[in-house]
Amino acid sequence: MAAVISAAGLARTFRTKRGPVHAVRGIDLTVHEGEILGFLGPNGAGKTTTLRMLTTLLAPTGGTATVAGCHLVTDPVGVRRACGYVAQSGGVDGQITVREELVTQGRLYRLTKAEAVERARELAQDLGLDGLLDRRTAALSGGQRRRLDIAMALTHRPRVLFLDEPTTGLDPGSRADLWDLVRRLRDEHGTTVFLTTHYLDEADALADRLVVVDHGVVVAEGTPSALKREHAGSADASLQDAFLAITGRRPAPADAAPVAI
Ligand SMILES: Nc1ncnc2c1ncn2[C@@H]1O[C@H](COP(=O)(O)OP(=O)(O)OP(=O)(O)O)[C@@H](O)[C@H]1O
Ligand SMILES: [Mg+2]
């Protein structure tokens, strides 16, 4: 399998008034084309900072990475063309409608008006938003808003989709819908999905492979069953137990609602 993301020693230190914050200390990772990668770690481990670097929103202070063969620093435009990114807190809010939001996004990606309207229609159909096209985005539920965020990130048919905690706050049904969507993206479009989550049942059910980070470095990686075998003694153990053994901490939030797999 070809590598679609490869990072070596990727690092980011923030300069603050109180001194440097070493958010990411040197991440090495490889993600294969068409893979669903679960990127796990406790609060503050450096997940969002890593995603922001891999999508060129934040410059690394050390190391290198390529996404879809494009180097983060020397070809940021190529990286952006290859990536869709849904940030940790939902991005859309306001008085304009779902249709207007999607068409505007298409126009930002330089589609003509007619192409943008057509792409909005396709995306709405694909993400189950077609009944909501004329609704104001401020009136969407949390799950609908998440689907709109993802639709917008897919406008330019990216090879890699980065999702930062896409299901936080969603009810079990909406979470399951989102899992189906992620699997469909991989199966039907070959999209590589790089996602963070604090719900370990979700990581277990959805991810082909997991990378666990803590204090800005990779502390474990492997398939869900390999991590359970290595760190919790058996492939039948829970991923919670493996996570606890790896990081010494319980995943947040501890009260995550269980979802039938
Ligand atoms: N702009 C910034 N300036 C200073 N420190 C920052 C900045 N952004 C992030 N940090 C710090 O870097 C560390 C990693 O943050 P990051 O947001 O990457 O964690 P995370 O793994 O995404 O956590 P969570 O699970 O809570 O979302 C934290 O200690 C955070 O406070
Ligand atoms: Mg985060």
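Laboratory data are not the source of any read-out in this text; all were calculated from the coordinates shown. Values in this document were obtained by computation on a predicted structure and should not be read as measured data. So basically every Cβ, Gly included, is an ideal-geometry build from the backbone, and we count neighbours across all protein chains shown.
Looking across region 185-232, the residues that are out of contact with any helix residue (DSSP H, G or I) (no Cβ under 8 Å at 6 or more places or on another chain) and over 25 Å from Ala23 (Cβ atoms) come down to Leu185, Arg186, Asp187, Glu188, His189, Gly190, Asp208, Thr223, Ser225, Ala226, Arg229.
Any residue in region 16-27 that is within 19 Å of the chain's Cα centre (by Cα), crowded, with 18+ Cβ neighbours inside 10 Å, of a type outside the set (S, T, N, Q) and within 8 Å of ligand 1 (Cβ to nearest atom)? The answer is yes; a qualifying residue exists. Between Leu161, Leu148, the distinction of being under 25 Å from Cys70 (Cβ atoms), within 15 Å of the chain's Cα centre (by Cα) and buried (at least 23 other Cβ atoms within 10 Å of the Cβ) belongs to Leu161 only.
Only residues that are aliphatic (A, V, I, L, M) and within 16 Å of ligand 1 (Cβ to nearest atom) were counted in region 38-78, giving 9.
The listed residues are Leu108, Leu133, Leu140, Leu102, and the only one of them that is under 21 Å from Trp179 (Cα atoms) and free of Cβ contacts under 8 Å to residues at least 60 places away in the same chain turns out to be Leu140. Restricting region 180-226 to residues that are of a type in the set (S, T, N, Q) and over 25 Å from Thr155 (Cβ atoms) leaves a set whose member that is nearest to the chain's Cα centre (by Cα) is Thr223.
Taken over region 110-143, the residue count meeting the criterion of being acidic (Asp, Glu) and under 14 Å from Arg157 (Cβ atoms) is 4.
If a residue must be in a strand (DSSP E or B), free of Cβ contacts under 8 Å to residues at least 60 places away in the same chain and of a type in the set (Gly, Ala, Ser), how many such residues does region 4-44 contain? Total satisfying the criteria: 4.
Annotation: of all residues in region 49-73 being surrounded by fewer than 20 Cβ atoms within 10 Å (Cβ to Cβ) and within 16 Å of ligand 2 (Cβ to nearest atom), the one that is nearest to Pro20 (Cα to Cα) is Leu58.
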